[in-house]
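Structure, as structure tokens:
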Amino acid sequence: MRFLSETKVLACHELRREGARRWLRLEISGLASVSPGETVLFSEDRHSPRCRIATVETFADGRAALVAKFEADDLEPAAGNALTVWLNETAAVSVGAGSLIVTTPAFLYRVAPFEQRGATVLVTGADADLWQNLRQRVEAGLAWTSVFLALEPARLQAFIVEFPDANPYLFANMDMSCGVGACRSCHVTVSDNMDGEASCRVGPWFALKRVNLVRLKFASAPFI
Ligand code: FES
């Protein structure tokens, strides 16, 4: 169990804007301990109880950079604002040296921080290029101890067809509300646990063979 951290916003920068959405980098102080790539939840006092998901981009000396998605007309956190941050993630599988992560350009901001832990990240667009690229890398002898896929359920199905003997992990991209395993908004349907698994507690990575991809297709958030 980890506890709420009362943090302060040091700076806020817009990284990207697309249609009605924009992605902001929040630099904050006062966070106890997090690792790059972890998912945290946060709320601002002025918006309570609304909370958002953010990815830890960097963390050092009590200062963290978080990347979060906002709607274009949302008020952005300002320097000096208070921010309550929490996470309860104790990932069941760790990503690090020897891990290959495959993702799309739009979702790169969620997984790129894992490179700081030694993972290799492969970013691609069209499926044909993706599978061909992976095959070429395998044939070239570039082997990984584990493969992690941060892709939509339809692409996961395609991966199974292309690489039936692989045993990858998937990124369950679920919307979250409580972040402590209580509200069930982020539960993933798995074959060996009737209650499902809370992504906010043991995710975001799950063995692909455990997960019901049909249900995930309707439950997961878009990979943006
Ligand atoms: S966000 Fe509530 S159970 Fe995960």
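The values are calculated or read from the model by the stated rules, or taken from the named source; none is laboratory data. All figures in this text were calculated on a predicted structure; none of them were measured in a lab. All Cβ positions, glycine included, derive from the backbone under ideal geometry; neighbour counts span all protein chains shown.
Does A54 satisfy the condition of being surrounded by 15 or more Cβ atoms within 10 Å (Cβ to Cβ) and modelled with pLDDT of 90 or more? Here the answer is yes, as A54 does meet what is asked.
L122 meets the stated requirement of being outside the structural domain of C51 (by TED's automatic domain parsing), at pLDDT below 95 and either closer than 20 Å to G37 by Cβ or in contact with a His (Cβ under 6 Å, 6 or more places away or on another chain) (or both).
Between L216, L149, the distinction of being touching a helix residue (DSSP H, G or I) at 6+ places or on another chain (Cβ under 7 Å), buried (at least 17 other Cβ atoms within 10 Å of the Cβ), on the phi < 0 side of the Ramachandran plot and not in a helix (DSSP H, G or I) belongs to L149 only.
Checking the stated criteria, A166 turns out to be part of a loop (DSSP other than H, G, I, E, B) and either free of Cβ contacts under 8 Å to residues at least 40 places away in the same chain or in contact with a Leu (Cβ under 6 Å, 6 or more places away or on another chain) (or both).
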